[in-house]
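S.K.: Sharing a structure below in structure tokens format, with a few things to ask.
The values are calculated or read from the model by the stated rules, or taken from the named source; none is laboratory data. Nothing here was measured: the structure is a model prediction, and the numbers come from that model. We place every Cβ from the backbone using ideal geometry, glycine too, and count neighbours over all the protein chains shown. Just so you know, the surface numbers come from the protein's heavy atoms only, side chains and all, with ligands and any DNA or RNA stripped out. Shrake-Rupley method; radii C 1.70, N 1.55, O 1.52, S 1.80 Å.
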Amino acid sequence: MSDSQQTKTERTYRGIPVSPGVAQGLIYVYAPSEPVVEKRPITDEEMAGEFNRLEQALVKTRQQLIEIPKRLGHELGDGKLSIFDAHLMVLEDPLLTEQVFKRLKSEKLNIEYVLHEVMEQYMAALARVEDGYLRERVADVRDVTQRILRNLAGHPHDELLHLSGPRIIVAHDLAPSETALMDRRKVIGFAPEVGSRPSHPAILARSQNLPAVVALHDVIGHLASGEDALLDGYSGLLIVNPSEQTLYEYGQIERRRHTIEERLLQVRRETACTRDGRTIRLGANVELEDEVDKALEHGAEGIGLY
């Protein structure tokens, strides 16, 4: 079998479903260039310049983190934009910046290297805590760190704003700010190699009604931008080069799903009552305050789990 024939063979990758739905389209492999962090000594005369470079990068990063919610507030709502409040808290943590400045003075190394080392230690400590929610905050610290490093290096941040058409985004990881800045007119689903249900990409995917699958381990090396794919946010599958039979089967699934949804919408205002006359109160599972309206629209009488 030739290479071209092999790449056209249907291939299935399994991950964790975190946002329901099915998307079919072309893959876009998102692999942003990460700043290369080199270690080099600096002189006493260069110290002030390194201080100034970091301060300018911090100011620019802060401006970006403030601008993102302004641009997305009308689309996501204030509740989901609290993600970026957490980023600002990391950025403005005086203990972290003091440690960076202290090590810059004592070690006399370039600011990129010092910042990277301090933040890596901080993330390692955070990853060791038992609380799962706090461990997930490692993503916040990493996102902020990479943004500062990119600003120090002058690298762009907006690759996902300039897609040429509808795409399923496949990446190793998706930082919260990258996910939020996607062009939602062109992104039809995404599938990072890492992540979990409470991760920021998963939360934002659900808020935007985008199919999403996470924890697709080590798939990027087997994929190429432009390959046709089907993303199954129900079962956690990424099917590359789906066959006609697979497309037919998923078409049937989608038709059945739409039929069920239409039937449910017809009875959403009726009282939930068992055959023996017992009334059941229907409550919604709500993650964020601005999901209440949607719950009420679908017939919920209250909140069952917040």
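S.K.: Looking only at residues that are closer than 19 Å to Y250 by Cβ and among the hydrophobic types (A, V, I, L, M, F, W, C) in the range 17-48, which one is surrounded by the fewest Cβ atoms within 10 Å (Cβ to Cβ)?
M.R.: Going through the range 17-48, the residues closer than 19 Å to Y250 by Cβ turn out to be 17-27.
With the extra rule that they be among the hydrophobic types (A, V, I, L, M, F, W, C), the set shrinks to 18, 22-23, 26-27.
Values: V18: 24, V22: 20, A23: 20, L26: 16, I27: 22.
So, considering only residues that are closer than 19 Å to Y250 by Cβ and among the hydrophobic types (A, V, I, L, M, F, W, C), the one surrounded by the fewest Cβ atoms within 10 Å (Cβ to Cβ) is L26.
S.K.: Then there's this: What about E193, is it within 22 Å of G21 (Cβ to Cβ), touching a helix residue (DSSP H, G or I) at 6+ places or on another chain (Cβ under 7 Å), of a type outside the set (A, V, I, L, M) and modelled with pLDDT of 85 or more?
M.R.: Numbers: within 22 Å of G21 (Cβ to Cβ): yes; touching a helix residue (DSSP H, G or I) at 6+ places or on another chain (Cβ under 7 Å): yes; of a type outside the set (A, V, I, L, M): yes; modelled with pLDDT of 85 or more: yes.
When the stated conditions are applied, E193 passes them.
S.K.: Okay, moving on. Does I239 meet the test of being under 21 Å from L210 (Cβ atoms), modelled with pLDDT of 85 or more, of a type in the set (V, I, T) and not in a loop (DSSP other than H, G, I, E, B)?
M.R.: Working: under 21 Å from L210 (Cβ atoms): yes; modelled with pLDDT of 85 or more: yes; of a type in the set (V, I, T): yes; not in a loop (DSSP other than H, G, I, E, B): yes.
Yes: the conditions hold for I239.
S.K.: Could you please let me know if A124 is without any contact (Cβ under 8 Å) to a residue 24 or more places away in the chain, surrounded by 10 or more Cβ atoms within 10 Å (Cβ to Cβ) and more than 26 Å from S19 (Cβ to Cβ)? Give the derivation first.
M.R.: Details: without any contact (Cβ under 8 Å) to a residue 24 or more places away in the chain: yes; surrounded by 10 or more Cβ atoms within 10 Å (Cβ to Cβ): yes; more than 26 Å from S19 (Cβ to Cβ): yes.
Yes, satisfied.
So that you can scan it fast, the table gives a plain yes or no per residue for (1) among the hydrophobic types (A, V, I, L, M, F, W, C); (2) within 30 Å of A127 (Cβ to Cβ):
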| site | (1), (2) |
| --- | --- |
| P192 | no, yes |
| I203 | yes, yes |
| V219 | yes, yes |
| E227 | no, no |
| T274 | no, no |
| I280 | yes, no |
| V292 | yes, no |
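S.K.: A further question follows. Restricting to the range 255-297, count the residues that are open to solvent by less than 90 Å² (accessible area, probe 1.4 Å) and either part of a loop (DSSP other than H, G, I, E, B) or on the phi > 0 side of the Ramachandran plot (or both).
M.R.: Summing the residues that are open to solvent by less than 90 Å² (accessible area, probe 1.4 Å) and either part of a loop (DSSP other than H, G, I, E, B) or on the phi > 0 side of the Ramachandran plot (or both) in the range 255-297 gives 10.
S.K.: Condition first: among the aliphatic types (A, V, I, L, M) and buried (at least 16 other Cβ atoms within 10 Å of the Cβ). Now tell me which residues in the range 223-252 satisfy that.
M.R.: Looking only at the range 223-252, we keep the residues that are among the aliphatic types (A, V, I, L, M), and these are 223-224, 229-231, 237-240, 247.
Selection gives L223, A229, L230, L231, L237, L238, I239, V240.
S.K.: Only one of R135, R150 is among the basic types (K, R), part of a helix (DSSP H, G or I) and in contact with a Lys or Arg (Cβ under 9 Å, 6 or more places away or on another chain); which? Please lay out each step first, then the result.
M.R.: Working: R150 fails: in contact with a Lys or Arg (Cβ under 9 Å, 6 or more places away or on another chain).
Going through R135, R150 in turn, the sole match is R135.
S.K.: Still on this model: Answer yes or no: is there a residue in the range 208-222 that is surrounded by fewer than 17 Cβ atoms within 10 Å (Cβ to Cβ), in contact with a helix residue (DSSP H, G or I) (Cβ under 8 Å, 6 or more places away or on another chain) and not β-branched (V, I, T).
M.R.: no
S.K.: Then there is this: Cβ contacts < 6 Å: first residue on the phi < 0 side of the Ramachandran plot, restricted to the range 56-71; second residue aliphatic (A, V, I, L, M) and not in a helix (DSSP H, G or I), any location; separation 6+ or different chain. Result?
M.R.: Hits for this filter: P69/L81.
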